[in-house]
Amino acid sequence: MSIPPVVVTAARRSWRWQWQRLMGGLGPADAAGNYTRPSSDPLTPPALNPEDLLQRSADQRPILVIGRSCPWAHRTWLVHQLRHLHNSLTLVMAQADHNAGRWALNPAWEGCDTLLELYQHCGAPPSYRATVPVLVDPKTRSLLGNDSAPLVELLNRWPHQDAALDLAPAEATDRIQAWQQRLQPAINDGVYRCGFARNQAAYDRAEADLFAALAAVEQSLESNGPWLCGTSTDPGGRALVPHLDPLGAGLCAPVRLHSATALALPTPLGMATTLLRLAGRCGHLRRQRLATRLLRCPVPPQSRRHRSSRS
């Protein structure tokens, strides 16, 4: 017995409605189908008291909560590792609870089993989204920051008992700012604009901007490498590497992928390998395995049909 056409039509419309509701929550878009990052209400990091931070006991040290699946959190994680802040800043790894749609804390912190409970415990306003990364002060039970960009700058100034790497030297300020202004919209946000594109045209625009920026990174590294902004480990590279990870990995729109793979850009991959090695995150990973992990590349056009016209 064949399925009645009315049932098929109802099922298709129901699926489409559910997909639109899901995408509206995860990745809002404008009328043209372009992903639009939700507005946030980030905290302003406070002034640091180096003497107080260095004298605190282990249970009173500030806590940096991150998540393995969040590239924004990876930016702060890399700075924590590169500057060896283990003795003045405790790293806590939140776990993604996919069934509940929230971040879980295991073990719990001060009775808080989820990141939302931690935010509430620290007196965060209800308008704040419980996201990672977030910096918490156990001494005052308050949030010190919840936005990766200012947190990266704060962690670069974080006190250290010994000489620590400066990721933002004064002589590189102009270059750092120039690269950040290019990487943020085209790559850091660009991977999400690709992943949450509502139609083929929106995806094509995001993809063109993304790979143009990656090509510029490739050219700069070939000419002025090994880093984007100088001869030492720099914030430009640090901001870029984590956001190579979602490239093509979370594509939710039924669009055709037709770009050259990111593995065709060997110089950024080499920078990523070196940067993660310096941060102690590579271990025994081989280059190809790291490539698969960091650069989940868009598949060739023949392996996925263009279905946007029927969606």
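The values are calculated or read from the model by the stated rules, or taken from the named source; none is laboratory data. Here the structure is a predicted model, which is why all the values come from computation and not from measurement. Cβ placement follows ideal geometry from the backbone for every residue including glycine, while neighbour counts extend to all protein chains displayed.
Selection of first residues in segment 184-199 that are of a type in the set (V, I, T) and of second residues that are at pLDDT 90 or above, restricted to Cβ pairs under 9 Å at least 6 apart or on distinct chains, gives the following pairs, ordered by first then second residue: I187/D209; V191/A206.
Each residue in segment 175-206 was checked for being in a loop (DSSP other than H, G, I, E, B) and among the hydrophobic types (A, V, I, L, M, F, W, C), and 2 of them qualify. When you check L43 against the structure, is it part of a loop (DSSP other than H, G, I, E, B) and within 25 Å of the chain's Cα centre (by Cα), yes or no? In short, yes.
Note on segment 112-121: residues that are of a type in the set (S, T, N, Q) and within 22 Å of the chain's Cα centre (by Cα) amount to 1.
A single member of A168, A172, A163 is outside any helix (DSSP H, G or I), touching a residue at least 60 places away in the same chain (Cβ under 8 Å) and not hydroxyl-bearing (S, T, Y), and it is A168. Return a yes/no flag: does segment 92-110 have any residue that is within 25 Å of P50 (Cα to Cα) and either touching a His at 6+ places or on another chain (Cβ under 6 Å) or of a type in the set (A, V, I, L, M) (or both). Within segment 92-110, one or more residues are within 25 Å of P50 (Cα to Cα) and either touching a His at 6+ places or on another chain (Cβ under 6 Å) or of a type in the set (A, V, I, L, M) (or both). Only helices (runs of 4 or more DSSP H) whose full extent lies in segment 66-157 are considered here, and the ones with at least 2 residues that are surrounded by fewer than 17 Cβ atoms within 10 Å (Cβ to Cβ) are 115-121, 148-156. Put simply, of A94, A124, A100 the only residue that is among the small types (G, A, S) and under 15 Å from the mean Cα position of the chain (by Cα) is A94.
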